[in-house]
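Below is one structure, written out as structure tokens; comments come after it.
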Amino acid sequence: MHHLFYLMGKSASGKDTIYQRLRAKFPELRPMVLYTTRPKRSHEQDGREYYFISAEQYIQMCSADRWIETRTYHTQKGDWIYCTAKDSMDLSESSYLGIGTLESYCKIRTFFGADHVIPIYIDVEDGVRLQRALQREHVQETPNYAEMCRRFLTDSQDFSEENLQTAGIKKQFSNLELEACVSEISAWIASFSE
């Protein structure tokens, strides 16, 4: 079996940018694409960042037992659901690169096995992260600062040191300097194919 390299970290830690850099460095890693009912951001494309589905489609897929894991977030704009489909990856054929939460990592690791799901936790100091989140939200067509704040606070709880330890996350990658962070993660990924 191959591996799923699973990026995670608090909001505005740079996961999306790091993901894009890693995709360019490791084109053989297939993208893990999640499903979501949240609205598409201005720069996103259906099937690239996420498969954007309606609440009705989500319910139909639940009835068909299609999910490894699902999460519902109660946001300022209503409930947003994120899901990983059972048929979204075939680790007997390829290795993958994905992005998600600590909660989803734990469920996916249980589904595929700990030897095949490799955590890559991105860490950024909260003040830097808050500045990045504000800059990102500011350029959105319709900024949603209340949701940005909700995510910031929720992530502090979700990615607490206690939760990271419980999930067995031992290695962390600091993203204060992007190129150094990408280089360190790249070496870590390459070590699994040696």
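A short reminder: the numbers here are calculations on the coordinates, not readings from a lab. Since the structure is predicted, the reported quantities are computational estimates derived from the model, not experimental observations. Neighbour counts run over all protein chains shown; Cβ positions are idealised from the backbone, glycine included.
Brief remarks follow.
- Against the test of being surrounded by fewer than 13 Cβ atoms within 10 Å (Cβ to Cβ) and hydrophobic (A, V, I, L, M, F, W, C), the options Val128, Val117, Val139, Val124 yield a single qualifying residue, Val139.
- Residue list for the range 71-101, filter: of a type in the set (S, T, N, Q) and more than 13 Å from Phe111 (Cα to Cα): Thr72, Thr75, Gln76, Ser92, Ser94, Ser95, Thr101
- Subset of the range 151-166 that is in contact (Cβ under 8 Å) with a residue 40 or more places away in the chain and of a type in the set (D, E, K, R) - its residue that is farthest from Ala12 (Cα to Cα): Asp158
Yes/no per residue for (1) part of a strand (DSSP E or B); (2) surrounded by 15 or more Cβ atoms within 10 Å (Cβ to Cβ):
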| position | (1), (2) |
| --- | --- |
| Thr70 | yes, yes |
| Cys83 | yes, yes |
| Ser94 | no, no |
| Gly98 | yes, yes |
| Ser104 | no, yes |
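- Options Ile185, Ile169; residue that is part of a helix (DSSP H, G or I), in contact (Cβ under 8 Å) with a residue 40 or more places away in the chain and of a type in the set (A, V, I, L, M): Ile185
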